Every structure is written in C-alpha cells, then in structure tokens.
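Worksheet: the structure to be examined is printed underneath.
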Amino acid sequence: MIGTTASKAAQAENFMAVLSPQEREVVDQMAEGWTNAKIAERLFLSPKTVENRVSAMYEKLPRADGVDRRVQVVLFVLLATAPAAAQRPSP
C-alpha cells in the first residue's frame with residue numbers, strides 16, 4: 001500500500017465498491033475482529049463459505065508485498081468508512 005493517504009482512501013473505496021453484499025457482511029465482521037470460525041457462527045454460514053468469501057475478497061485487493069491481507073482488508077474498511085480521517089495528512 002504505497003502512496004499518499006488520499007490514494008489509499010481511493011483504493012479503499014474502490015475495493016469496497018467491488019465487494020458483493022455477501023462479502024460486505026463478512027468484511028464487516030472481519031473489521032470487528034472476528035475469526036473466520038466466529039464469523040461463520042454469527043452469520044449462520046458454514047466455515048467453508050466464509051473461507052471462500054474471504055479468499056474472493058483477497059483476490060480483489062491491490063497487490064501489496066509484505067502486507068498481511070486480512071489487515072489490509074480491515075484498513076480498507078476503516079479508510080472507506082471514515083473519510084474525514086483519511087483526509088488527514090500523514091506524519
């Protein structure tokens with residue numbers, strides 16, 4: 001995720017825009033810190049379904065070497081849902 005805060009926010013918005021409604025349900029749970037197993041339980045899904053949705057989301061992420069994909073997803077959720085914070089300049 002190299003780039004300015006504004007470009008990261010744009011990447012986050014683009015990522016969130018391409019998620020299916022089912023993926024959005026899962027990503028919201030991920031952002032709350034739940035494990036895949038707990039997400040499955042909370043959404044009444046099989047663990048394999050959650051795993052498939054998470055994998056599909058990972059495929060939609062922009063490439064960022066050395067960045068944990070689950071962390072990247074959560075950061076994108078935060079950037080996309082807190083636009084005022086994303087506009088602050090980086091230190």
> If the cut-off is 27 Å between C-alpha atoms, which lysines fall inside it for K38, apart from same-chain ones fewer than 8 positions away?
Replying inline: K48, K60
> Could you give the dipole magnitude of segment 8-81 about its Cα centre, charging the beta-carbon of Lys and Arg +1 and that of Asp and Glu -1, in debye to the nearest 20?
Replying inline: 80
>> Could you give each residue of segment 19-35 its phi-based ³J(HN,Hα) in whole Hz, using Karplus coefficients 6.51, -1.76, 1.60 with θ = phi - 60°, and x for Gly or Pro?
In response: 6, 6, x, 5, 5, 4, 4, 5, 5, 5, 5, 4, 5, 7, x, 6, 6
> Each label point is 7 Å from the Cα along the Cα-to-Cβ direction; what then is the distance between the points at A10 and R42, in nm?
Replying inline: 3.2
> Under a plain spin-label model, where a point goes 7 Å from the Cα along Cα-to-Cβ, how far apart in nm are L61 and A82?
Replying inline: 1.9
> How big is segment 8-81 in terms of Cα radius of gyration and Dmax, in angstroms?
Replying inline: 11.6, 33
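Each value in this text was obtained by applying a stated rule to the coordinates, not by laboratory testing. Nothing here was measured: the structure is a model prediction, and the numbers come from that model. Virtual Cβ from ideal backbone geometry, glycine too; neighbours counted across all protein chains shown.
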